[in-house]
Amino acid sequence: MVDPEYLQDKKVQKIDSDIRKFETNLKSLKMDLEGLDSRLDAEIDRYKSVAKAKRAAYEELHSRLKSVEQDWKSADRDYKIATKNKEKTRSKLKKDVENLQKRIRDAEKTKQKRFQELDKEKEKLVEKAKRQKAREMERMKAREMDRVEEQKRKELGMD
């Protein structure tokens with residue numbers, strides 16, 4: 001259970017805000033990553049189908065070899081580029097997810113350190129209050145001792 005006083009600390013509030021922002025970004029990136037495969041696979045399949053169709057046309061229409069062959073090579077190049085782009089994009093998104101997860105862990109550690117700092121500050125205040133109270137008690141004790149001593153002197157006629 002977190003001390004409600006900690007939640008009022010500006011640094012803790014900033015850290016919590018950052019964590020919420022990181023978590024939102026993480027969810028968004030995870031959703032993008034989930035939708036990436038099907039979307040890019042469909043695009044890759046489309047390019048692959050086009051490449052196959054162009055290849056078939058090439059074989060059927062030998063007289064138009066150069067034109068159809070160029071179309072096929074272009075479609076095949078697009079397929080390869082799309083495959084390469086998929087891997088690059090997927091790799092980048094995975095790296096972004098890992099970075100955000102690391103940032104969240106680091107922010108949590110920073111928050112815990114801040115809690116420890118706040119605990120130390122509280123402990124210092126408690127110790128200071130104890131010392132002040134002890135000094136006050138010593139002063140009261142000394143005054144009481146002086147008063148009793150003065151009273152005894154009067155009683156004994158020494159004053």
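None of the figures in this text is laboratory data; all of them are computed from the coordinates on show. Quick caveat: nothing in here was measured; it's all calculated off a predicted structure. Methodologically, a virtual Cβ is constructed for each residue, glycine included, from the backbone with ideal geometry; neighbour enumeration extends over all protein chains shown.
Give a residue-ordered list of calculated ³J(HN,Hα) values for the stretch 5-20 (Karplus: 6.51 cos²θ - 1.76 cosθ + 1.60, θ = phi - 60°; whole Hz; x for Gly, Pro).
In residue order, the calculated couplings are 5, 5, 5, 7, 5, 4, 5, 5, 4, 5, 4, 4, 4, 4, 4, 4 Hz.
Hey, in the GNM for the chain with a 10 angstrom Cα cutoff, which one of Ala129, Ala142, Ala75 fluctuates hardest?
Ala142
Find how much the distance from Arg131 to Ser49 grows on full extension, using 0.36 nm per residue of separation minus their present alpha carbon separation; answer in nm with one decimal.
21.2 nm
Report P(r) for the stretch 1-72: all Cα-Cα distances, bin width 5 Å, range 0 to the bin holding the largest distance, values in whole percent.
Bin by bin from 0 Å, the calculated values are 3, 14, 11, 9, 8, 8, 7, 6, 6, 6, 5, 5, 4, 4, 3, 2, 0.
Within 12 Å, Cβ to Cβ, of Asn25, how many net charges do the neighbouring residues add up to if Lys/Arg are +1 and Asp/Glu are -1?
Overall, the nearby charge balance is +1.
Looking at the chain as a GNM with Cα springs under 10 Å, which of Ser28, Ser17, Ser63 has the largest mean-square fluctuation?
Among Ser28, Ser17, Ser63, the largest GNM mean-square fluctuation belongs to Ser63.
If I model a spin label at Arg143 and Met31 as a point 7 Å from the Cα along the Cα→Cβ vector, what separation in nanometres do I get?
Each label point is offset 7 Å from its Cα along the Cβ direction, giving 6.8 nm.
Computed from these coordinates, which is Rg and Dmax of the Cα atoms in Å: (1) 20.3, 81; (2) 38.6, 141; (3) 15.8, 50?
The value matching this structure is (2).
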